[in-house]
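Only one structure is covered here, and it is reproduced in the block below.
The values are calculated or read from the model by the stated rules, or taken from the named source; none is laboratory data. Note that the structure is a prediction, hence the values are computed from the model and not measured. We place every Cβ from the backbone using ideal geometry, glycine too, and count neighbours over all the protein chains shown.
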Amino acid sequence: MPSDMIVGSSAASPGANQSGMQRYLGLLILAACGAPPAAAAPPSEAKVETSPAPPGLTARKDEFMGACRGDLSGADAYCSCSWKLLLEVAGEEAVAADTTTPADLDTFESKLADACASELPVETIRAQWIAGCAKNHAAMASFCQCTWNELTAELPAETIARRAAHATPELAAARERARVACEPLAAEAKAEIGFMEGCVTQPEVSDFCGCAWKVIRENVSHEVIAAGEADVEALKPQVRERCASLLPAAPPAP
């Protein structure tokens, strides 16, 4: 999802040094958070396989489905649809042997959203949007939820999932309206993130820094903090009184 909204997929783009199966699994998450629409038909249900499955195919399916379900909670139908599409594109033999080609990968990617995006539950699309937006910063949660609420007030969730990788005029305009509507929450979050990044010099002081932030925000607006104009020295007595107990114990003297 677009970086100008601080949103995106939580998965990395499939790399050339990955196995075929790893690259396909990466594409599942990319598609869940916005893959390009394609004029592809859904995987066919009419084809009946009469020959035994190639050795290793069951293990590949277990790997594929397990990873998909783990990354996309509640999306069993999407995962099953994606697996069927993979077999249609690459063939059972290649999937079982993990010898699919870059051309197979491109075809799978081009068809995945159109074939399977309709199987994604709204909550799964929302969770992927929030995760990509927040980028592991809990402070961004309110802003990210706000942008989701604004977007889904205008567009169906499936439309967002299908088009988020492309700056179509409709989606670009909706994103901009969401950004403007939610900007105050983004400013608050960025001030907190900046403070915490400067304060947490080691993991052991994370709780102390979180407490210190609460004390500061009770006394100073986030605009003043973001501008670097907060009188932190004047607040140190309050911080020590309320938060000092959260500091790690000093090591004993030698």
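What is the residue count in the stretch 161-214 for residues that are closer than 30 Å to LEU112 by Cβ, aliphatic (A, V, I, L, M) and modelled with pLDDT under 90?
Of all residues in the stretch 161-214, those closer than 30 Å to LEU112 by Cβ come to 161-179, 182.
Now drop any that are not aliphatic (A, V, I, L, M), which leaves 161, 164-165, 167, 171-174, 178.
Subset that is modelled with pLDDT under 90: 161, 164-165, 167, 171-174.
Number satisfying all stated conditions: 8.
Name every residue in the stretch 218-250 that is over 36 Å from the mean Cα position of the chain (by Cα) and aliphatic (A, V, I, L, M), in order of residue number.
From the stretch 218-250, those over 36 Å from the mean Cα position of the chain (by Cα) are 231, 233-238, 240-241, 249-250; that's our starting set.
The answer is ALA234, LEU235, ALA249, ALA250.
Counting just the residues of the stretch 226-238 that are within 16 Å of ALA212 (Cβ to Cβ) and surrounded by fewer than 11 Cβ atoms within 10 Å (Cβ to Cβ), which one comes out modelled with the lowest pLDDT?
As a first pass, look at the stretch 226-238 and keep what is within 16 Å of ALA212 (Cβ to Cβ): 230-238.
Subset that is surrounded by fewer than 11 Cβ atoms within 10 Å (Cβ to Cβ): 233-234, 237.
Details: GLU233: 87, ALA234: 91, PRO237: 92.
Across the stretch 226-238, the extreme among qualifying residues is GLU233.
Evaluation of VAL180 against the conditions (1) touching a Cys at 6+ places or on another chain (Cβ under 7 Å); (2) exposed (fewer than 14 other Cβ atoms within 10 Å of the Cβ) shows that the sole unmet condition is (1).
If you go through the stretch 132-153 and pick out every residue that is part of a helix (DSSP H, G or I) and exposed (fewer than 15 other Cβ atoms within 10 Å of the Cβ), you end up with 4.
Only one of the numbered conditions (1) assigned to a helix (DSSP H, G or I); (2) exposed (fewer than 15 other Cβ atoms within 10 Å of the Cβ); (3) modelled with pLDDT of 85 or more; (4) not basic (Lys, Arg) is violated by GLU223, and that is (3).
A quick yes/no check of all residues on (1) within 30 Å of PRO248 (Cβ to Cβ); (2) without any contact (Cβ under 8 Å) to a residue 40 or more places away in the chain; (3) out of contact with any helix residue (DSSP H, G or I) (no Cβ under 6 Å at 6 or more places or on another chain):
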residue	(1), (2), (3)
GLY132	no, no, yes
LEU151	no, yes, no
GLU154	no, yes, no
ARG162	no, no, no
GLU204	yes, no, yes
VAL215	yes, yes, no
